[in-house]
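A short write-up of the structure that comes next.
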Amino acid sequence: MFESGLFGRKKSMMPSPDEALPGRPEPIPTADTHFINGRPLKGPYPEGMHKAYFAMGCFWGVERLFWGIEGVWVTVVGYAGGVTPNPTYQETVTGMTGHAETVLVVYDPSKVSYADLLVVFWEGHDPTQGMRQGNDVGTTYRSAIYTTDDEQLKHAEHSRRDYQKALRRSGFDRTITTEIEPARAFYFAEDYHQQYLAKNPNGYCGVKGTGVACAAGPASS
């Protein structure tokens with residue numbers, strides 16, 4: 001939903017550590033297993049699996065983009081890139097935790113490459129919108145890639161340059177705002193957010209390319 005006034009401005013500005021909500025020392029409860037494939041959300045993951053973290057707006061639809069990809073072992077929604085420890089959804093949407101709605105993708109690199117996942121990332125949303133994605137407004141909906149090692153960081157930055165050039169060649173002369181940083185803490189979102197669109201097939205998805213229906217209007221996760 002479009003925001004106006006002071007609250008809207010605060011939601012679209014990153015809080016300083018002094019401003020951020022205090023959070024809590026213990027993780028919030030979440031599901032144990034993936035709703036579709038029954039695999040453990042928090043691991044242990046099989047040997048040889050890699051992790052990738054993507055933020056592309058409302059994480060319901062973003063997770064749906066990734067869970068059906070061949071070679072993806074499990075997907076999880078959560079909060080990353082912020083300040084507040086162990087935040088709740090209600091806290092993140094105020095803009096006062098600094099987190100982005102993020103999807104953890106655990107994948108088998110022998111079956112799907114990180115480069116392949118980056119293609120899904122760039123083509124699955126508009127990375128030029130800053131602190132929003134469509135009608136979903138605020139820091140929590142920003143575009144971001146959180147990398148797990150130097151190799152991922154190099155690939156992510158290279159792909160951003162290439163995608164920016166491709167946008168300009170196509171006549172779409174806007175600057176990519178995607179944040180690319182080494183991954184910090186990832187906090188698992190609440191049970192009802194996990195695999196939301198499998199549980200609610202006609203629910204709001206918020207990103208293009210999911211192949212599922214989106215609810216009418218500017219609702220958000």
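The values are calculated or read from the model by the stated rules, or taken from the named source; none is laboratory data. Keep in mind that what you see is a predicted model, and the values were worked out from it rather than measured. Because the Cβ atoms are built from the backbone with ideal geometry, glycine has one as well, and the counts that use them run over all protein chains shown. These area figures cover heavy atoms from the full protein model, side chains too; ligands, DNA and RNA do not enter into them. Shrake-Rupley method; radii C 1.70, N 1.55, O 1.52, S 1.80 Å.
Numerical summary
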item: Ellipsoid semi-axes in whole angstrom, largest first, where each is sqrt(5λ) of the Cα gyration tensor of segment 5-66; result: 31, 17, 13
item: Neighbourhood charge, 11 Å Cβ-Cβ cut-off, centred on Val77 and excluding it, Lys, Arg +1 and Asp, Glu -1; result: -3
item: The chain: most fluctuating residue of Val72, Val112, Val93 per GNM, C-alpha cutoff 10 Å; result: Val112
item: Value at 222 nm in deg cm²/dmol, rounded to 500, when DSSP H runs of n ≥ 4 in the chain each add -39,500 (n - 2.57); result: -7000 deg cm²/dmol
item: Added length on full extension, which subtracts the Cα-Cα distance from 0.36 nm per residue, Thr33 to Ser110; result: 25.4 nm
item: Antiparallel bridge percentage (DSSP; both residues within the chain; nearest 5); result: 85
item: Total formal charge among the other residues, if their Cβ is under 15 angstrom from that of Ala115, Lys/Arg +1 and Asp/Glu -1; result: -4
item: Computed FRET value (nearest 0.05) for Lys199 with Ile176, which takes r as the C-beta separation and R₀ as 22 Å; result: 0.10
item: Probe 1.4 Å, all protein chains present, accessible-area order of Ser113, Ser143, largest first; result: Ser113, Ser143
item: Chymotrypsin sites (Phe, Trp or Tyr not before Pro), loop per DSSP, at most 15 other Cβ atoms within 10 Å - longest free stretch of the chain; result: 36-171
item: Segment 34-102-segment 139-162 distance, computed between alpha-carbon centres (Å); result: 15
item: With at most 14 neighbouring Cβ atoms within 10 Å, loop GluC sites (Glu not before Pro) (DSSP) excluded, longest segment of the chain; result: 71-221
item: Mean Cα-pair separation over length for the chain, i.e. relative contact order, pairs under 8 Å, 6 or more apart, %; result: 29
item: Cα centre as origin, Lys/Arg/Asp/Glu Cβ charges: the chain dipole, Debye; result: 540
item: Relative contact order of segment 1-109, pairs being alpha-carbon contacts under 8 Å that are 6 or more residues apart, as %; result: 37
item: Over segment 41-96 - Rg/Rh using Cα atoms and the Kirkwood inverse-distance radius; result: 1.00
item: 22 Å tail of the calculated P(r), segment 99-198, as % of Cα pairs; result: 34
item: Inter-site label distance for Glu70 and Glu123 at 7 Å from Cα along Cβ, in nm; result: 1.5
item: R0 of 30 Å, Cβ-Cβ distance Ser16-Thr148: FRET efficiency to nearest 0.05; result: 0.70
item: Choice from Arg168, Arg39, Arg160 showing the highest fluctuation, given a GNM over the chain with Cα pairs closer than 10 Å; result: Arg168
